[in-house]
Structure formats: C-alpha cells, structure tokens
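Inspection log for the structure reproduced underneath, given as structure tokens.
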Amino acid sequence: MKQVIQNYKTARLEVKNVPAPLLRRDGLLVRSYTSLISVGTERTKIESARMSLIEKAISRLDLVKIVMANVKQEG
C-alpha cells in the first residue's frame, strides 16, 4: 500500500510503501480506490509547524484568551 508522508518542517513530500492495516476483530477494513490531498489544509499545517509558540499564540489570540479564562477559573 502506498502512503504520502509529509515532513511539516521542510514541506517535503514522499510516497512510501507501507504495510496494509490489520483488520481488528471488531473493526472494518475499507478499500480506497482514489484519494486526494487538500492543498489548503496541508499548507496551513506547514505554516503552523514552522511557527514558534509565541507566533502561534499571537496568530490565535482568541484561543489564548479562552485558555487564560480557564486558568483563572479553574486554577
């Protein structure tokens, strides 16, 4: 089975042969004939991976405010 593997720091893509997943006793194995990669979603992940923690906090001040409110409320 082939799998696309991406390094988020370098944005490098590789196609590798990997073993097929094992079927668990209580599971279901589905065969995919086609697949696609969402460029926008992958680009966002790469940009986020390249940011420092401070840059991530600045870019998502709304989430920082929620976390700070939870810390104040719950300790």
Going through region 13-36 one residue at a time, which ones are surrounded by 10 or more Cβ atoms within 10 Å (Cβ to Cβ) and either within 30 Å of residue 59 (Cα to Cα) or under 15 Å from the mean Cα position of the chain (by Cα) (or both)? 13
In region 3-38, anything under 30 Å from residue 52 (Cβ atoms) and acidic (Asp, Glu) is listed as 14
Go through region 16-49 and report how many residues are of a type outside the set (A, V, I, L, M) and farther than 19 Å from residue 2 by Cα. 11
Residue, modelled with the lowest pLDDT, within region 5-53, restricted to residues that are touching a strand residue (DSSP E or B) at 6+ places or on another chain (Cβ under 6 Å) and of a type in the set (A, V, I, L, M): 13
Please verify whether residue 74 is under 20 Å from the mean Cα position of the chain (by Cα) and acidic (Asp, Glu), treating the condition exactly as stated. no
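The values are calculated or read from the model by the stated rules, or taken from the named source; none is laboratory data. What you see is a predicted model; the values in this text were computed from it and never measured. Virtual Cβ from ideal backbone geometry, glycine too; neighbours counted across all protein chains shown.
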